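Some notes on the structure that comes next.
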Amino acid sequence: MDVISLEYEADYIGMMLMASAGYHPRYAQIAYEKLAIQDESDLFSTHPTFVKRIKALSDANVMGKALALYLEALNHKSS
């Protein structure tokens, strides 16, 4: 697997873990939106751009799964 694929996988897993812990998955996107505003230096040249990462996390299937986990976590907290 290449580095970029691993980064996307890490983003996906991170968002699913956030959602499972009861944090709204949109927070992952917001974090990347804030980072995208800053200048992307050569430090991240081997990584996907923040804009591409936001797009990947915004995918309907990905966000749908994350929202389902988030709602499940909220239901468990209120039980």
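Of note:
- In this structure the amide hydrogen of His47, modeled in the peptide plane, comes within under 5 Å of no amide hydrogen from residues 5 or more places off or on another chain.
- Helices in the chain that qualify as membrane-span-like (whole DSSP H runs, Cα extent of at least 15 Å along the helix axis, mean Kyte-Doolittle hydropathy of -1.0 or higher) are 3-20, 26-37, 60-78.
- Square roots of 5 times each gyration tensor eigenvalue, C-alpha, the chain, largest first, Å: 26, 13, 10
- Taking every lysine pair in the chain that is 8 or more places apart or spans two chains, those with Cα atoms closer than 23 Å amount to 5.
- Value of relative contact order over segment 3-78, rounded to a whole percent, pairs C-alpha under 8 Å and six or more apart: 47
No value in this document is a laboratory result; all are computed from the given coordinates. From a predicted model like this one, the values you see are computed outputs, not experimental measurements.
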